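Just so it is clear, none of the values below were taken in a lab; they were calculated from the coordinates. Keep in mind the model is a prediction, meaning the values are calculated, not measured. As a convention, Cβ positions derive from the backbone with ideal geometry for all residues, glycine included, and neighbour counts pool all protein chains shown.
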């Protein structure tokens with residue numbers, strides 16, 4: 001094993017304060033690599049057509065200077081050999097990023113730790129070189145980018161808890177007769193969870209307004225789910241939705257009017273893009289147009305952070321999902337949501353989210369961790385699978401690249417449908433809720 005160290009750039013990058021929304025990029029051609037330890041090679045897929053290939057121990061140093069808060073992003077890939085190369089990025093001697101380069105194609109990796117004004121020493125370290133008879137593990141670096149620090153729309157937010165949730169009501173009913181079970185349900189009832197809206201509300205504007213008003217009175221920011229797309233769920237357990245594109249346009253504008261200028265998070269149409277394949281070509285075009293229209297509505301609401309649903313890491317390839325998100329207008333929104341109502345593990349979701357984000361213009365994302373504490377069920381069963389557990393508690397994120405928050409979008413304990421003994425979709429199922437809560441670690 002050898003150690004390979006690549007410093008950030010051959011010269012300082014001076015960024016005027018007035019240009020805080022721009023980016024500054026150092027291409028591989030300008031990276032300082034000691035002779036005999038690496039080279040700049042042709043690579044048609046790299047920026048500028050060239051990239052740095054490192055093959056032996058090397059140390060190079062440089063300083064980057066910022067005059068506005070910036071974020072460091074490294075575009076890199078690995079040559080795989082009996083495992084993935086590992087890349088460690090340090091800023092001023094402190095580790096900012098440590099990742100296994102499992103991708104053989106160019107992927108962006110970065111840190112959401114904004115850089116303060118002034119000079120910074122940045123280094124990229126390859127820590128686990130290896131060679132075998134038929135392969136050679138190497139680290140390749142395309143470019144280093146200092147980009148503007150995107151606003152974290154949830155900064156300082158206290159996510160809304162529903163004091164009247166089904167879990168809270170059931171826990172209260174059991175408090176005297178079944179105190180141990182009531183305590184288990186408190187693990188659900190006391191956590192922030194999303195509020196879902198669809199055709200079942202007679203007046204969606206009033207319903208949304210009521211939730212947002214109550215949350216604001218408690219100093220909280222609600223997570224709201226719009227779930228009324230025409231041909232919803234392709235006729236499966238959660239079938240329904242607006243009767244037409246025109247009806248949906250009216251409905252989504254009423255939904256948005258209920259929020260007004262107040263702070264909220266919106267998850268837009270779970271499964272609508274990941275499940276696009278159930279529609280014919282004309283139906284797919286109509287759905288994308290409907291979502292673009294909805295995205296335009298929320299793009300005009302600066303206090304609302306809206307995320308188009310993007311499925312999960314076992315549904316569509318990252319490139320496919322990124323293309324669908326872009327076609328549906330994600331460029332106008334904060335980003336996309338992953339794993340809504342599913343059970344996929346955090347590690348795979350974060351890697352998938354970063355890949356989708358890189359291919360979709362650098363958008364941010366949120367995860368639904370409500371029921372993924374033990375990952376997916378054997379075989380990937382998604383409808384009330386047994387043996388699952390609550391996932392990470394809802395929280396606003398800062399340390400993971402492009403991840404804005406872990407949320408409980410699905411309300412734990414609500415049925416996925418009439419499968420595995422469950423009631424109708426959306427109905428609270430106390431026994432299932434107890435199982436989720438009892439298997440939770442931590």
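So for region 268-320, averaging the separation of alpha carbon pairs under 8 Å that are six or more residues apart and normalising by length, what relative contact order in percent results? It would help to have the intermediate numbers written out before the result.
Numbers: 28 pairs, mean separation 32.2, N = 53.
Answer for region 268-320 is 61 percent.
Put a dot 7 Å past each Cα toward the Cβ at residue 203 and residue 218; how far apart are the dots in nm?
For residue 218 paired with residue 203, the spin-label model returns 2.3 nm.
State the three equivalent ellipsoid semi-axes of region 161-287, derived from the C-alpha gyration tensor as the square roots of 5 times its eigenvalues, in descending order and whole Å.
Value: 32, 19, 11 Å, ordered largest first.
Taking Rh as the Kirkwood radius, which is the inverse of the mean 1/r over Cα pairs, what is the Rg/Rh value for region 288-372? Mind showing how you got there, number by number?
Details: Rg = 12.2 Å, Rh = 12.7 Å.
Checking Rg against Rh, the ratio lands at 0.96.
Can you sort 197, 336 from fewest to most other Cβ atoms within 10 Å of each residue's own Cβ?
Numbers: 197 23, 336 28.
Fewest-to-most ranking of 197, 336: 197, 336.
Put one equal scatterer on each alpha carbon of the chain, apply the Debye formula with no solvent term, and list log10 I(q)/I(0) at q = 0.09 1/Å to two decimals.
-0.64
What FRET efficiency comes out for residue 164 versus residue 130 if R0 is 51 angstrom and r is the Cβ-Cβ distance? Round to the nearest 0.05.
0.35
Please compute, over every Cα-Cα pair in region 339-439, the percentage with a separation greater than 16 angstrom.
Working: 2833 of 5050 pairs.
That fraction is 56 percent.
222 nm [θ] for the chain, helices only, -39500 (n - 2.57) per DSSP H run of 4+, per residue, to 500?
Helix-only estimate at 222 nm: -7000 deg cm²/dmol.
Return 366, 91 ranked ascending by Cβ neighbour count within 10 Å, so the fewest neighbours appear first. Numbers along the way, then the final one.
Values: 366 29, 91 18.
Ordered from fewest to most neighbouring Cβ atoms within 10 Å, 366, 91 come out as 91, 366.
Roughly what angle does helix 179-189 make with the longest principal axis of the chain, taking Cα atoms, 0 to 90 degrees, to the nearest 10?
60 degrees
Quick check on the exposure proxy: order 321, 301, 101 from fewest to most C-beta atoms within 10 angstrom.
301, 101, 321
From Cα pairs below 8 angstrom and at least 6 apart in sequence, can you work out the relative contact order of region 317-412, rounded to a whole percent?
Working: 179 pairs, mean separation 27.9, N = 96.
Relative contact order comes out at 29 percent.
Which of the peptides 350-360, 29-39 is most tightly packed, and how do the rest follow, judged by the mean count of other Cβ atoms within 10 Å per residue? Numbers along the way, then the final one.
Numbers: 350-360: 22.8, 29-39: 15.9.
Per-residue mean Cβ counts within 10 Å order the peptides as 350-360, 29-39.
Quick one: among 82, 368, 98, which has the greatest mean-square fluctuation in a GNM of the chain with alpha-carbon springs under 10 angstrom?
Result: 82 has the largest fluctuation of those listed.
What angle, in degrees between 0 and 90 and rounded to the nearest 10, separates the Cα long axis of helix 346-359 from the longest principal axis of the Cα atoms of the chain?
70 degrees
Defining a contact as two alpha carbons under 8 Å apart and six or more residues distant in sequence, what relative contact order in percent does region 166-438 show?
Averaging sequence separation for qualifying contacts and normalising by length gives 16 percent for region 166-438.
Under a plain spin-label model, where a point goes 7 Å from the Cα along Cα-to-Cβ, how far apart in nm are residue 392 and residue 44?
Here the modelled spin labels are 3.9 nm apart.
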